[in-house]
1. Those residues that are open to solvent by 50 Å² or more (accessible area, probe 1.4 Å), touching a helix residue (DSSP H, G or I) at 6+ places or on another chain (Cβ under 9 Å) and either at pLDDT below 95 or outside any helix (DSSP H, G or I) (or both), I need them from segment 37-50; list them, please.
2. Which one of these is closer than 28 Å to S8 by Cβ and assigned to a loop (DSSP other than H, G, I, E, B): H140, H126?
3. Could you list all residues from segment 156-166 that are open to solvent by less than 100 Å² (accessible area, probe 1.4 Å) and of a type outside the set (S, T, N, Q)?
4. Any residue at all in segment 51-64 that is open to solvent by 50 Å² or more (accessible area, probe 1.4 Å), at negative phi and in contact (Cβ under 8 Å) with a residue 60 or more places away in the chain?
5. With V24, V33, V15 as the choices, which residue is touching a residue at least 60 places away in the same chain (Cβ under 8 Å), assigned to a helix (DSSP H, G or I) and of a type outside the set (D, E, K, R)?
6. So, M34, is that one within 17 Å of N117 (Cβ to Cβ), open to solvent by less than 80 Å² (accessible area, probe 1.4 Å) and in contact with a Ser or Thr (Cβ under 9 Å, 6 or more places away or on another chain) or not?
7. Condition first: part of a helix (DSSP H, G or I), free of Cβ contacts under 8 Å to residues at least 40 places away in the same chain and open to solvent by 70 Å² or more (accessible area, probe 1.4 Å). Now tell me which residues in segment 69-85 satisfy that.
8. Say whether the condition of being of a type in the set (G, A, S), under 19 Å from the mean Cα position of the chain (by Cα) and over 19 Å from I106 (Cα atoms) is met by at least one residue in segment 41-58.
Amino acid sequence: MSEHPLNSESCLDFVIELLEKRGVSLNDIAEIVMFLQSKYIPDITIDMCLESVASVLKKREVQNALLTGIQLDILAEQKQLLPPLQAIIESDEPLYGIDEVLALAIVNLYGSIGFTNFGYVDKLKHGKLADLNDKRFGVHTFLDDLVGAVAAAASSRIAHRQKQQEECSES
């Protein structure tokens, strides 16, 4: 029997623990969400952002993407991947786009605004993403994109909810 049964609750707990072991807190992700949405929702709070991050992380597809990408980063740090994949992931080869493709599985859950948000944070490397992109702090070829994707998805979720609230108050 697996140490981590295949249910969303235990998987969520494990993913959060794994993120923390890799140096990423939920608050780090929420701060990126805050950065993305504060221009559009002036009264947004960090608690709103944290709630949205938590909601995104509850989705099984998100958990699976995080588990897969983080495992590949760890294996690259341990030099356990086959060549040339070891060198590609270890160096975060610019033409290797699988890390972004895996991240897009997350943002795809929240529509086209998720893609836009992801592209924006991926390019800017705001907040924790700058640390994850720094090669001196380990291999985070997948993790930086996955964290950016969770933040982009959480941001998109907030934007969709904000629009729904505005429409309800107009009627």
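The values are calculated or read from the model by the stated rules, or taken from the named source; none is laboratory data. Note that the structure is predicted; figures quoted are calculated from it, not measured. Heads up, the Cβs are rebuilt from the backbone with ideal geometry, glycines too, and the neighbour counts pull from every protein chain shown. Just so you know, the surface numbers come from the protein's heavy atoms only, side chains and all, with ligands and any DNA or RNA stripped out. Shrake-Rupley method; radii C 1.70, N 1.55, O 1.52, S 1.80 Å.
1. Within segment 37-50, Y40, T45 qualify.
2. On the way: H126 fails: closer than 28 Å to S8 by Cβ.
Matching residue, one of H140, H126: H140.
3. If we filter segment 156-166 for residues that are open to solvent by less than 100 Å² (accessible area, probe 1.4 Å), which is where we start, we get 156-160, 162, 166.
R157, I158, A159, H160, E166 - these are the residues of segment 156-166 that are open to solvent by less than 100 Å² (accessible area, probe 1.4 Å) and of a type outside the set (S, T, N, Q).
4. Within segment 51-64, the first condition is being open to solvent by 50 Å² or more (accessible area, probe 1.4 Å), and the residues that meet it are 51, 58-61, 64.
With the extra rule that they be at negative phi, the set shrinks to 51, 58-61, 64.
Next, from what is left, pick out any that are in contact (Cβ under 8 Å) with a residue 60 or more places away in the chain: none.
No; the residues of segment 51-64 include none that is open to solvent by 50 Å² or more (accessible area, probe 1.4 Å), at negative phi and in contact (Cβ under 8 Å) with a residue 60 or more places away in the chain.
5. Details: V24 fails: assigned to a helix (DSSP H, G or I); V15 fails: touching a residue at least 60 places away in the same chain (Cβ under 8 Å).
Within the list V24, V33, V15, the selection yields V33.
6. Working: within 17 Å of N117 (Cβ to Cβ): yes; open to solvent by less than 80 Å² (accessible area, probe 1.4 Å): yes; in contact with a Ser or Thr (Cβ under 9 Å, 6 or more places away or on another chain): yes.
So M34 passes the test.
7. Residue satisfying the conditions is Q71 alone.
8. Residues of segment 41-58 that are of a type in the set (G, A, S), as a first pass: 52, 54-55.
Add one more test, that the residue is under 19 Å from the mean Cα position of the chain (by Cα), and what stays is 52, 54-55.
Right, trim to over 19 Å from I106 (Cα atoms) and you get none.
Checked segment 41-58: no residue is of a type in the set (G, A, S), under 19 Å from the mean Cα position of the chain (by Cα) and over 19 Å from I106 (Cα atoms).
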